[in-house]
């Protein structure tokens with residue numbers, strides 16, 4: 001029985017090594033279980049709209065009156081925390097710092 005299990009496990013791992021089906025998740029560090037997922041957007045405007053939509057959906061889902069009006073939210077278990085975590089990860093923090101710096105330069109140039 002153990003030989004049969006070892007053979008099945010070996011065949012399984014050989015098949016897994018041959019396949020290229022598991023492409024979506026990219027391992028961040030070899031030492032931990034963190035993965036990244038690429039997200040294609042056409043630009044910062046689309047990224048901003050995605051974050052905005054996630055936040056709006058979360059607000060609606062957290063509103064008990066709005067939740068009761070929709071048959072989708074009444075029948076589906078939607079994890080709002082997941083939506084909020086995704087929105088938080090999508091926010092372009094470094095780019096916002098750049099916009100602050102550019103805005104400061106703009107204000108200084110108009111003050112002269």
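What follows draws every value from the coordinates through simple rules; no lab data is involved. Predicted, not measured: the structure shown is a model, and the values here were computed from it. A quick note on method: Cβ atoms are made from the backbone with ideal geometry, for glycine too, and the neighbour counts reach across all protein chains shown.
Compared with the alpha-carbon gap, the fully stretched path from residue 42 to residue 24 is longer by 4.6 nm at 0.36 nm per residue.
Relative to the current alpha-carbon distance between residue 3 and residue 64, full extension at 0.36 nm per residue lengthens the span by 16.3 nm.
Which order results if 51, 37, 80 are arranged by neighbouring Cβ count within 10 Å, fewest first?
37, 80, 51
Panel order for 104, 40, by other beta carbons found within 10 Å of each beta carbon, from fewest to most: 40, 104. Taking each residue as 0.36 nm, the span from residue 103 to residue 82 lengthens on full extension beyond its C-alpha to C-alpha distance by 4.3 nm.
In terms of surrounding Cβ atoms within a 10 Å radius of their Cβ, 42, 58 rank from fewest to most as 42, 58.
The label-point distance for residue 49 and residue 34, in a model that sets each label 7 Å from Cα toward Cβ, rounds to 3.1 nm.
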